[in-house]
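Enquirer: Before anything else, here's the structure in question.
The values are calculated or read from the model by the stated rules, or taken from the named source; none is laboratory data. Just so it is clear, the structure is predicted and the values come from calculations on it, not from any experiment. No Cβ is skipped: glycine too gets one built from the backbone with ideal geometry, and neighbour counts run over all protein chains shown.
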């Protein structure tokens with residue numbers, strides 16, 4: 001008999017991508033606020049995310065959204081976030097990969113891809129996340145190795161160079177960008193996951209790994225570029241990827257890492273559409289067998 005439930009590793013992989021996928025899009029905004037103290041903002045924001053994630057895990061065990069008005073409000077919130085995220089993703093693609101491409105053509109193509117992917121079930125999306133996570137591991141190691149050739153410790157800056165207010169603003173912005181995608185887990189039914197007793201441990205581990213990956217990615221960026229360059233570059237994360245292109249054989253893999261980033265964004269965008277469909281039309285609820 002085919003198991004229609006979502007596996008723990010599948011759900012953990014999805015959690016990991018919800019944590020990390022939009023990092024290339026929002027890091028520039030946090031750097032512009034916190035400047036040299038961005039790492040402090042990321043750490044403080046991460047602590048807030050971890051604390052609230054505990055609440056999310058507790059709520060999702062018994063969450064039932066039955067009132068139509070509440071479903072509409074939640075759907076509108078996610079729709080607003082989807083519109084913002086897909087526009088940012090389109091700008092990211094145009095700026096980093098298709099500089100001569102038409103913005104609206106890229107937007108329509110990305111939207112069509114999201115609509116097609118959203119026709120899959122939660123289980124299929126989480127399975128895709130698991131596959132991508134296995135691809136991510138060697139790519140992440142390659143990213144670290146390739147970027148290490150351009151690291152310069154002279155870029156180390158004195159902490160708390162900016163005001164506490166700037167640090168707090170940066171941490172709140174980081175928290176906001178992280179927690180909104182993670183709330184999507186509330187709408188993947190708790191009872192339809194294998195290993196109910198171990199769910200919290202797996203999801204917490206996936207969240208912490210995702211945050212560690214973000215910290216490592218930022219440190220690679222921090223020690224490879226001046227703060228002036230980081231604040232004037234639209235998507236500074238691409239500086240790390242582009243640095244691989246000048247690193248012997250690893251340069252060929254920079255394109256693969258770039259496409260991997262786009263696929264991880266696609267998962268988040270598609271999941272938002274799935275959740276909205278579930279809230280409005282009550283679709284994509286898995287029928288599990290006891």
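Enquirer: So, restricting to helices (runs of 4 or more DSSP H) that lie completely within the stretch 55-148, which ones have at least 2 residues that are surrounded by 14 or more Cβ atoms within 10 Å (Cβ to Cβ) and at pLDDT below 85?
Expert: On the way: elements: 68-96, 103-117, 122-148.
Hits in the stretch 55-148: 68-96, 122-148.
Enquirer: Here are the criteria: (1) without any contact (Cβ under 8 Å) to a residue 12 or more places away in the chain; (2) farther than 23 Å from residue 31 by Cβ. Tell me which single one residue 232 does not satisfy.
Expert: Answer for residue 232: the failing condition is (2).
Enquirer: Would you be able to say whether some residue in the stretch 10-27 is in contact with a strand residue (DSSP E or B) (Cβ under 7 Å, 6 or more places away or on another chain), under 19 Å from residue 123 (Cα atoms), in a helix (DSSP H, G or I) and touching a residue at least 24 places away in the same chain (Cβ under 8 Å)?
Expert: yes
Enquirer: Please identify the pairs in which a residue from the stretch 264-279 that is touching a residue at least 60 places away in the same chain (Cβ under 8 Å) and on the phi > 0 side of the Ramachandran plot has its Cβ atom under 6 Å from the Cβ atom of a residue that is surrounded by fewer than 23 Cβ atoms within 10 Å (Cβ to Cβ) and part of a helix (DSSP H, G or I), counting only partners at least 6 apart or on another chain.
Expert: none
Enquirer: Kindly provide the set of residues from the stretch 191-222 that are closer than 11 Å to residue 8 by Cα and either in a helix (DSSP H, G or I) or in contact with a strand residue (DSSP E or B) (Cβ under 9 Å, 6 or more places away or on another chain) (or both), ordered by number.
Expert: Listed by number, the residues that qualify are 192, 193, 194, 196, 197, 198, 199, 200, 201, 202, 203, 206.
Enquirer: Now for a separate question. Any idea which of 5, 61 is touching a residue at least 60 places away in the same chain (Cβ under 8 Å), under 29 Å from residue 135 (Cα atoms) and touching a helix residue (DSSP H, G or I) at 6+ places or on another chain (Cβ under 7 Å)?
Expert: Working: 61 fails: under 29 Å from residue 135 (Cα atoms).
Within the list 5, 61, the selection yields 5.
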